[in-house]
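Colleague: I'd like to ask some things about the structure below.
The values are calculated or read from the model by the stated rules, or taken from the named source; none is laboratory data. Small disclaimer: the values here were computed from a predicted structure and weren't measured. Here the Cβ positions follow ideal geometry from the backbone for every residue, glycine too, while neighbour counts run over all protein chains shown.
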Amino acid sequence: MKRNIFYLIIFVGQIALGQEYFPTNTGVKTEEDTYKAITNVTIHSNSNEITESNSILIHKGKIVAIGKDIPVPKNARIYNMQSLHIYPSFIELHTDFGLKKPKRIQGSGRSAEYSPKRKGYYWNDHILSDYNSFKDYTYNKDLATKMRKIGFGVVNSHRKNGIHRGTSVLIALNDFINDGKRILSDKKAEHFSFSKSVTSSQSYPSSIMGSMALIRQLYHDANWYKQRASKNKDLSLEAILDNIKLPKIFEAGDKLNVLRAGKIGSEMGLNFIIKGSGNEYQNLRQIKNLNAKLIIPLNFPDPYDVSDPLMTKKIELSQMLYWNQAPSNPSLLEKSKIVFALTTADLKNQDNFLKNLRKAVKHGLSEKRALEALTIIPAKILKMENKIGVLKKGAYANFIVTSGSLFNDKTKIYENWVNGDAHVISDRKKIDIDGKYQIFLGNKNYDLEIKNSTSSIQVNFKLDSIKLKSKTNYKYGWLQMTVFDENEKNFARISSKIESEKFILPNGVDFYGNNFNSVLKPLKDDEKEGQKKNRDKKENLREVLKLRYPNNAYGFEKIPKPENVLYKNVTLWTNEKEGIIQNIDLLVEDGKISLIGKDLDVKNVKIIDGTGKHLTSGIIDEHSHIGASSINEGGQNSSAEVTIEDVIDPDDINIYRNLSGGVTTIQILHGSANPIGGRSAIIKLKWGSSIDEMLYPNSSPFIKFALGENVKQSNWGSFSRFPQTRMGVEQLYIDYFQRAKEYGQRWINYNNLDRKTKLRTPKPRYDIEMEVLWEILQGKRYISCHSYVQSEINMLMKVAEKFDFRIRTFTHILEGYKVADKMKIHGVGGSTFSDWWAYKFEVNDAIPYNGAIMHNAGVTVAYNSDSAEMSRRLNQEAAKAIKYGGVSEEEAWKFVTLNPAKLLGIDDKVGSIKVGKIADLVLWSGHPMSIYSQVEKTMIEGAFYYEADLLPVKIKQIEDERKKLILQMLNVKNMGSNTKNFELRRKREFDCETID
Amino acid sequence: MKKIFHLIFLLIVSQLTSQQTPGSLTEESILFIGATAHIGNATIIENSAIGIRNGEITEVSTENLVEGIYDQTIDVSGKHIYPGFIAANTSLGLVEIDAVRASNDVDEIGDMLPHIRSIIAYNAESKIIESMRPNGILIAQVTPRGGFISGKSSIVQLDAWNWEDAVIRYDDGIHLNWPNPYTRGRWWLGESPDLKVNKKYAENISKIEDFFENARARSVVNSKTKNLPYYSLNEAIKKNKTIFLHANDEKQIVDGIVFLKNIGIKNIVLVGGRGLESQLNVITNNNIPVILSHPHRLPSREDEDLKQPFKLASKLINEGVLVTIDVQGSMERMNTRNLPFYAGSFSAYGVEREEAVEMITLNAAKILGIDNQMGSLEKGKDATLFISEGDALDMRTNIISRAFIQGREISLESHQTKLWKRYSKKHSKE
């Protein structure tokens, strides 16, 4: 009801019958009905056309006519804007204008909260789809002034709180009218983010993948709710359904998060408009593929203070590159034909907006696109392209009046008109009197320099180049100065009517108390101008460094392509019945192993002499946590709905480091916070490629489970989450699998209905988590389970058997040797550490002979890393199987190649060397398990991703780039630019126990 | 809760009894012939003859040049003999299980603790310690951690009934952790995990300076009261004990060394050394040995040379620096058994193979001040050595058949080998 009344007000307001029925204190109630006519102005109407000596006719806040020779009514007030320019005023899409930051509520520490606080709403408090920013909005005059100063006329404002943040309010920044007219819409767009609301301490989701899963589930739930099948009322879902047609703006942030938001958007058909962070240029290809509109900040980083060489050493190349390349972001987006709007969001100082906009133009952004990105594109995003962001008949009279081209450094914004009302930013009638002058006072010539005369005036008053203290005031056409002369110990007072630039007539009282009349003599000074030009030139000369794949140290200039390669005379570790073959040749064609034999003679291929060297299949790490932006969704004890595939970080330097250790494929596992963890990702370490290109094609789907101390939260000081014992862990599994079974049955029953009944019957609720568990029960998804002690290992096998499926892999499995016989019978593999132990109570009986014992008992055994450090030398870990328990060299090598391939279900393609298999190969300088050997070349699908002999070249390149960037930064600092205090970025290394 | 602790306690105690019985002095003299002897000073003797008698090495020569007469002559042709490996800067015996607080005795509360002595907490019967010996690690420095001055380390041999029997050198040095010029945000409180300049760096340095200065002032006057920390520090300085300066960052290294030199410390050992490459002069000019920490670590920066951590040792050795290594860091105690492999990996990056052996034998002995007794196969030194099937720096061939500490043949069994045998037997029967 309340909402309806409001609509009524808005409606009435908009048809401009005005508030004639509203009481007022000012006596005259008659609406002003005059026209405003702007004449002789240069109009940049649609961003691509510029027309001179134009007129705009405004009536009641809107443009009623625009163009040359339009008739101007007699009751029009004329604004002659000869030599001035007009642009549509800008639209800010992403602000919390007029809204207070919500207060953060105190969390519950390490004891997690699982249930929502709100009742009658969605099951997750961080979904605030029912929230209307309009409700809490109050017009903020100060901020409006700031926004108008940099050209904005309309802002789309929302409260930045929650994963679904509810709806925004659209406000015209007009100080002269009330909210009834100012509010162009009380519900303009829906807003989203990956961050939880600060107003609830509900634990879930605790990771970005959790947020992604939550948004998916939200829309599945909305679709289900639409059928009126729910037993409870859910105002959040109702709001989702009500607002389904509103534009949806997603504050994603970092480039990878932009991809993530885009991914959910396309999966759920939501067409997100995605707000980035300014580093989108680093992933152009993938972002282009999203086909989404972006909102891009202009928050170009300050250079680092590099004056201390020791500290400078700690700054990452990527940080310095970002400084160098970020101003090119908008231009690169334009070149890639990605549609984007610009925003003031994320700018530390909004006053820098125009400066940065111009910087972006200097870095190649076209003026046309720059203007569109602030006007028509945001207008279209808001579905308001006929009302705002344009200058045409029927649109709001929202425009800025400038002294010249907006993209010229010297151009000033004089006025910002909103809904037909002029807001003065700097007095366009104020005459610019910047310059150097001489004034004769008493018996001396004084020098006078005036700067910034049209805004906050600065004056230098000098006698024989010694500065005198002075105060100056310049308004209403009068310049007033008080000057103190130390020698004379007296003041001079000057006042001067400014008539025109050339005609300044000072008079006043000089230092001796005498009245005077004088003439200011302007002095020409080209020198300063010259300097400035020089500086601009230098600024422009700064070289923008080339993009790489990935855009970081060790990135490629071109993504590696498969090559046809003949390895000659190698020792070949086949992992097949042929075993280890000496002095043999191997041919790779089209990414596959095409021929193996003695003395092969093939033309037109790259030949690599492998004399004395060993060629093996690539190392496969069954348990890795590199290459991901988050690892654990610890907000619930089951998180089957999340997937690591959502959070792959293809730019993680550890990928390249792994390549240098001969690793070609890894499984990125979810962490071990929960008994039921998240789904994992199997990727090929194709450094420089996109996430989609890295994901192993059609690999078997996996999920991580975990047992023991971590899921009981034994070592975290948290005592409130079920389960706290291994007994609880078992029942948790049984509970979830039982429910998944019933869930699956519900869908089977529904799908088996005949067509007519089906139409009448509501669909069961689609539950992502249950879908995943149901996949497990059907044998369509495999479990890799973090495990330590024999009791729990045995337990999980029994639970699986009870539900008639099998565990695929126990990972860690440090007491596997105690139940190896049972594992063999169950058919589960063991992916273990070679020799880790003693780090917690449950590894007390962990022994380095574990791998050998399980292997001897017929279990498929792999050695994994769980560590970004160790994964680079898994070959050495494999060698420990020889030392501890005497596994043969050939079998030990399989622990890190063929066996993990088997456990991951990819051994049909990789893991061994035979004709037809994928060419994921590593060339070693010697025996692959010798402590003295190094990787020489790592090949994936026939392309070289790591070549040791190219390393010095790459390192030299990195050093050169660093030198270049440091020099640039020193130059910039020398020219007086701000520099940033140094901060050293450190990525956290993830392992199983990382809690996010 | 209490019950759990009791339970853990009981379990630990009950497992302690499974510890191997320390060996007793081999009465017969033995001559090992035919092996490749890795002397420990970067040389080898092929077809060697190594004799031991009464706990001492009495013969280091080749088969045809043997002088003495031995009760037993054992042919170990094709095998390798090494002096016992020496692990510097370990915390062996001070923590049993990382996650069990009750088993942790490594870090005492307080910043300035020169009086704290690691040796009395050293658990000679730790299960982790017995897992060192089968890999050739027979000697270790036991070091407290934490604070600015963590306390005193001692040097032990790894086959003893108790700490008193284990000691080779009491209180060999004081460990000084130089303050960090950088701090990291506490991410769990929502702070950025980025490193930032530590605003308290200067303040922390002056804390250390004050402490040393106050201690010195105290030593010149005969005070009626005895301040334990000051007294301990003064005694150590007076006796020229080594100050182990733990420092990784360039500034840390330089500031720390300059400070210690200025106050006249003679024996300084640098521990850590991550940023040493650009500050080699300060090491070489002052003749300071280095314990390189955690050689398998990842590079500090994304764009740093991938192999930099592996290359550092050879750079130092080429500059004539005395270098050994440690495995300080995550899981450092259990990982100490991998010391030989850490040394071996340097060999792939420029360190000569025998130099790699030297790093963890004679170099370590020199740095710890026990080279008169340990660290190489030389006549007159303790018979602390082992026989390996092959190259002991390579996992595949580090298979040790016999080991002696001061002439006592020690057990190479452990909790782990027992479980191995027990369960291998179980599964082979079935």
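Colleague: Just to confirm my filter: which helices (runs of 4 or more DSSP H) fall fully inside the stretch A:305-415 and include at least 3 residues that are among the charged types (D, E, K, R) and either surrounded by fewer than 21 Cβ atoms within 10 Å (Cβ to Cβ) or within 23 Å of the chain's Cα centre (by Cα) (or both)?
Modeller: In the stretch A:305-415, the matching helices (runs of 4 or more DSSP H) lie at A:353-362, A:367-372.
Colleague: Can you work out which of the residues in the stretch A:265-304 that are among the aliphatic types (A, V, I, L, M) and surrounded by 21 or more Cβ atoms within 10 Å (Cβ to Cβ) is farthest from A:Pro378 (Cα to Cα)?
Modeller: So, considering only residues that are among the aliphatic types (A, V, I, L, M) and surrounded by 21 or more Cβ atoms within 10 Å (Cβ to Cβ), the one farthest from A:Pro378 (Cα to Cα) is A:Ile287.
Colleague: Any idea how many residues of the stretch A:67-81 are not in a strand (DSSP E or B) and not basic (Lys, Arg)?
Modeller: Residues meeting the conditions: 7.
Colleague: May I pose another question? For A:Ala673, only one of the following conditions fails: (1) of a type in the set (Gly, Ala, Ser); (2) at pLDDT below 95; (3) touching a Leu at 6+ places or on another chain (Cβ under 9 Å). What is its number?
Modeller: So A:Ala673 meets the others, but not (3).
Colleague: Being within 14 Å of chain A (Cβ to nearest Cβ), among the polar types (S, T, N, Q) and either on the phi > 0 side of the Ramachandran plot or surrounded by fewer than 22 Cβ atoms within 10 Å (Cβ to Cβ) (or both) is the filter here, so list the residues in the stretch B:233-258 that pass it.
Modeller: B:Asn248
Colleague: Is it the case, given these coordinates, that A:Gly404 is touching a residue at least 40 places away in the same chain (Cβ under 8 Å) and either among the aliphatic types (A, V, I, L, M) or farther than 21 Å from A:Ser453 by Cβ (or both)?
Modeller: Judged against the criteria, A:Gly404 is not a match.
Colleague: In the stretch B:390-430, which residues are at the interface with another protein chain (Cβ under 7 Å from one of its Cβ atoms), within 27 Å of B:Ala166 (Cβ to Cβ) and without any contact (Cβ under 8 Å) to a residue 24 or more places away in the chain?
Modeller: B:Ile399, B:Leu419, B:Trp420
Colleague: Okay, next question. Is it fair to say A:Lys937 is within 11 Å of another protein chain (Cβ to nearest Cβ), at pLDDT 95 or above and surrounded by 15 or more Cβ atoms within 10 Å (Cβ to Cβ)?
Modeller: So A:Lys937 does not fit the description; no.
Colleague: If I go through the stretch B:113-134 residue by residue, how many of them are closer than 23 Å to B:Asn204 by Cβ and either in contact (Cβ under 8 Å) with a residue 40 or more places away in the chain or within 14 Å of chain A (Cβ to nearest Cβ) (or both)?
Modeller: 3
Colleague: So, one more: The conditions are (1) within 14 Å of chain A (Cβ to nearest Cβ); (2) surrounded by fewer than 21 Cβ atoms within 10 Å (Cβ to Cβ); (3) of a type in the set (A, V, I, L, M, F, W, C); (4) under 26 Å from B:Leu176 (Cβ atoms), and B:Ile137 fails exactly one of them. Which is it?
Modeller: Single failed check for B:Ile137: (2).
Colleague: In the stretch A:727-745, is there at least one residue being within 14 Å of chain B (Cβ to nearest Cβ), touching a residue at least 12 places away in the same chain (Cβ under 8 Å) and among the charged types (D, E, K, R)?
Modeller: No; the residues of the stretch A:727-745 include none that is within 14 Å of chain B (Cβ to nearest Cβ), touching a residue at least 12 places away in the same chain (Cβ under 8 Å) and among the charged types (D, E, K, R).
Colleague: Show me the helices (runs of 4 or more DSSP H) entirely contained within the stretch A:170-261 in which 2 or more residues are at pLDDT 95 or above, crowded, with 22+ Cβ neighbours inside 10 Å and touching a Gly at 6+ places or on another chain (Cβ under 8 Å).
Modeller: The helices (runs of 4 or more DSSP H) meeting that bar are A:208-226.
Colleague: Across the stretch A:609-636, what is the number of residues that are at pLDDT below 95 and either touching a Lys or Arg at 6+ places or on another chain (Cβ under 6 Å) or within 14 Å of chain B (Cβ to nearest Cβ) (or both)?
Modeller: Total meeting the criteria: 5.
Colleague: Taking only the stretch A:885-919 into account, find how many residues are closer than 29 Å to B:Gln416 by Cβ and surrounded by fewer than 23 Cβ atoms within 10 Å (Cβ to Cβ).
Modeller: Final tally of qualifying residues: 7.
Colleague: Here is a follow-up. Spot the failing condition for B:Glu354; the list is (1) touching a residue at least 12 places away in the same chain (Cβ under 8 Å); (2) acidic (Asp, Glu); (3) away from chain A (no Cβ under 14 Å), and only one is missed.
Modeller: (3)
Colleague: Which residue, of B:Ala88, B:Ala49, is in contact (Cβ under 8 Å) with a residue 24 or more places away in the chain, surrounded by 19 or more Cβ atoms within 10 Å (Cβ to Cβ) and more than 14 Å from every other protein chain (Cβ to nearest Cβ)?
Modeller: B:Ala88
Colleague: For the stretch A:597-633: of the residues being hydrophobic (A, V, I, L, M, F, W, C) and buried (at least 20 other Cβ atoms within 10 Å of the Cβ), which is farthest from A:Ser933 (Cα to Cα)?
Modeller: Here the answer is A:Ile631.
Colleague: Being closer than 28 Å to B:Glu354 by Cβ, surrounded by fewer than 20 Cβ atoms within 10 Å (Cβ to Cβ), within 14 Å of chain A (Cβ to nearest Cβ) and not β-branched (Val, Ile, Thr), is that true of even one residue in the stretch B:259-273?
Modeller: Within the stretch B:259-273, none of the residues are closer than 28 Å to B:Glu354 by Cβ, surrounded by fewer than 20 Cβ atoms within 10 Å (Cβ to Cβ), within 14 Å of chain A (Cβ to nearest Cβ) and not β-branched (Val, Ile, Thr).
Colleague: Could you list, in sequence order, all residues of the stretch B:404-422 that are surrounded by fewer than 24 Cβ atoms within 10 Å (Cβ to Cβ) and aromatic (Phe, Trp, Tyr)?
Modeller: B:Trp420
Colleague: Any residue at all in the stretch A:570-588 that's more than 23 Å from A:Asp907 (Cα to Cα), touching a strand residue (DSSP E or B) at 6+ places or on another chain (Cβ under 9 Å) and part of a loop (DSSP other than H, G, I, E, B)?
Modeller: No, the stretch A:570-588 contains no residue that is more than 23 Å from A:Asp907 (Cα to Cα), touching a strand residue (DSSP E or B) at 6+ places or on another chain (Cβ under 9 Å) and part of a loop (DSSP other than H, G, I, E, B).
Colleague: Let me ask something else about it. With the structure loaded, tell me whether B:Gly110 is over 25 Å from B:Leu362 (Cβ atoms), within 14 Å of chain A (Cβ to nearest Cβ) and surrounded by fewer than 17 Cβ atoms within 10 Å (Cβ to Cβ) or whether it fails that test.
Modeller: no
Colleague: Criterion first (part of a helix (DSSP H, G or I), surrounded by fewer than 20 Cβ atoms within 10 Å (Cβ to Cβ) and among the β-branched types (Val, Ile, Thr)) does A:Ile776 satisfy it?
Modeller: No: the conditions fail for A:Ile776.
Colleague: Could you please tell me which pairs satisfy a Cβ distance under 9 Å, a separation of 6+ or placement on different chains, a first residue in the stretch A:79-107 that is on the phi > 0 side of the Ramachandran plot, and a second residue that is of a type in the set (A, V, I, L, M)?
Modeller: Short answer, once both residue conditions are applied: A:Ser83/A:Val41; A:Gly98/A:Leu143; A:Gly98/A:Ala144; A:Gly98/A:Val155; A:Gly98/A:Val169; A:Gly98/A:Ile171.
One line per residue, one yes/no per condition, for (1) surrounded by fewer than 18 Cβ atoms within 10 Å (Cβ to Cβ); (2) within 28 Å of A:Asp621 (Cβ to Cβ):
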position	(1), (2)
A:Gly677	no, yes
A:Asn715	yes, yes
A:Tyr733	no, yes
A:Lys741	yes, no
A:Asn752	yes, no
A:Arg755	yes, no
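Colleague: Restricting to the stretch A:438-458, and then to whatever is more than 15 Å from A:Asp485 (Cβ to Cβ) and modelled with pLDDT of 80 or more, can you tell me which residue is surrounded by the fewest Cβ atoms within 10 Å (Cβ to Cβ)?
Modeller: Of everything passing the filter in the stretch A:438-458, A:Gln458 is surrounded by the fewest Cβ atoms within 10 Å (Cβ to Cβ).
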